1. I'd like to check something: does the range 159-173 contain any residue that is part of a strand (DSSP E or B), in contact with a strand residue (DSSP E or B) (Cβ under 6 Å, 6 or more places away or on another chain) and of a type in the set (S, T, N, Q)?
2. Which condition number does residue 108 fail, the rest of (1) in contact (Cβ under 8 Å) with a residue 12 or more places away in the chain; (2) surrounded by 15 or more Cβ atoms within 10 Å (Cβ to Cβ); (3) closer than 20 Å to residue 170 by Cβ being met?
3. State which residue is surrounded by the most Cβ atoms within 10 Å (Cβ to Cβ) when the search covers only the range 157-188 and only residues that are among the hydroxyl-bearing types (Ser, Thr, Tyr) and farther than 20 Å from residue 91 by Cβ.
4. Only one of 110, 132, 139, 201 is assigned to a helix (DSSP H, G or I) and either under 26 Å from residue 86 (Cβ atoms) or modelled with pLDDT under 95 (or both); which?
5. What is the residue count in the range 189-198 for residues that are exposed (fewer than 13 other Cβ atoms within 10 Å of the Cβ) and not in a loop (DSSP other than H, G, I, E, B)?
6. For residue 150, work out the one condition from (1) under 20 Å from residue 209 (Cα atoms); (2) of a type in the set (D, E, K, R); (3) not in a strand (DSSP E or B) it doesn't fulfil.
Amino acid sequence: MEFKKVNKKRKPTAVTRGDAASVSIRPVSLVKTEPTPPKDERQKASSHRFRQLFRNKKFVALVVVGCLVAGVLLRNASANSDTDVKKPIYQTVLPKGKTIDELGGWKRVSPPKNDPVFAYTDAIDGVPISVSEQPLPQSFKNDTANQVADLAKKFNATDKIDAGSLDIYVGTSAKGPQSVIFAKNNLLVLIKSEKKVSDTSWAKYAGLLN
């Protein structure tokens, strides 16, 4: 006897309301999201931002350095403005009949940080002299005669020569060199000689300065 295999179809199970309530439904987002870039692209973007930031910092650093350099140059230019002066910028006096070129030109004899004082070289009776000139200090202008006399004492120039309208003060060292101080044409004049010069020659030379 032959038995046939019977295929029984399963009836679909009806879903009750209670079963439907236990089913979880995932919400669908309606907002379009951008795909996450690959790791290599993220690294490239980060590297680009870093290079851009570095360039900006480099630019700022260059600007700061440039400002500092400019400040230093301006400060040095201000500090060295007097040292760059090659000749007096104030009125001077020279021996009558002589030019500064004939006397060898002006030479600065004051320190760089002080007001400029210039000098030239000449000779009296064959004795070499150095003549320095500077504007009469403001404190000397109200009482010039006494101020010059007090300054002369500091140089031990205590011998006074009367040369007309000029009061000339002379100091002589034990070895012979002399220092002469007087004021003329709103200038303070200091002359140094290598050897002793007669009072008459000093008076004559001072009178020739104009």
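1. yes
2. Among (1) in contact (Cβ under 8 Å) with a residue 12 or more places away in the chain; (2) surrounded by 15 or more Cβ atoms within 10 Å (Cβ to Cβ); (3) closer than 20 Å to residue 170 by Cβ, residue 108 violates only (3).
3. That would be 169.
4. Matching residue, one of 110, 132, 139, 201: 139.
5. Number of matching residues: 0.
6. Going through the list (1) under 20 Å from residue 209 (Cα atoms); (2) of a type in the set (D, E, K, R); (3) not in a strand (DSSP E or B), residue 150 breaks only (1).
The values are calculated or read from the model by the stated rules, or taken from the named source; none is laboratory data. All figures in this text were calculated on a predicted structure; none of them were measured in a lab. As a convention, Cβ positions derive from the backbone with ideal geometry for all residues, glycine included, and neighbour counts pool all protein chains shown.
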